Amino acid sequence: MKCAAMLALMIFLQCAHAQKMLATYATLTTAAAQRAAQAAFDRCSKDGYTVTVAVVDRGGQPLAVIRDNLAGTHTVNTAIGKAATAVSFRVDTAELAAQTQAGRPQSGIRSLPNVVAIAGGIVVQAKGALAGGIGVSGAPGGDADEVCAKAGLAAISDSLELE
């Protein structure tokens with residue numbers, strides 16, 4: 001009986017050591033980020049807005065940033081912040097903004113460092129998995145920023161689903 005228990009313990013320990021130690025996940029490539037950023041930028045330009053567009057990877061790090069030469073300097077950090085916030089919370093920032101209004105249970109989220117709870121940041125998914133985010137800043141209101149961000153997503157979404 002002791003031998004059987006010892007054998008079972010040894011097998012368990014070997015299985016525990018055989019567990020996978022590295023994660024494999026999807027994330028946007030620089031090429032995809034550049035294409036999405038350009039499409040979002042072009043949409044805003046067509047609509048007459050001077051903006052900055054940022055595309056981040058699944059970790060919230062910038063892969064592509066395009067700034068109109070007339071866009072305010074604050075738009076760079078805001079666009080990156082919107083994209084990174086969408087990735088961090090895995091929700092578009094328009095929804096996060098609504099959920100974190102003053103007096104709501106989650107309102108404290110707005111006080112966290114580097115959270116930009118303003119519409120204009122969207123999540124990018126590939127086959128249902130988080131792959132990155134797109135943020136736009138500078139249009140007259142977060143709703144207009146979000147329209148441009150969605151144009152960026154539309155430019156790459158078919159290719160992402162085929163990967």
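All of the numbers you see were taken from the coordinates with simple rules; none came from a lab. Remember, it's a predicted structure, so these values are computed and weren't measured experimentally. Cβ atoms come from the backbone with ideal geometry, glycine included; neighbour counts cover every protein chain shown.
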Just one of the numbered conditions (1) without any contact (Cβ under 8 Å) to a residue 12 or more places away in the chain; (2) under 20 Å from Pro140 (Cβ atoms) is not true of His74; which one? (1)
Looking at region 44-163, what helices (runs of 4 or more DSSP H) fall wholly within it and have at least 1 residues that are of a type outside the set (Gly, Ala, Ser), more than 14 Å from the chain's Cα centre (by Cα) and crowded, with 18+ Cβ neighbours inside 10 Å? 74-89, 142-162
Checking Ala26 against (1) within 14 Å of the chain's Cα centre (by Cα); (2) within 15 Å of Ile122 (Cα to Cα), only one condition comes out false. Which one? (2)
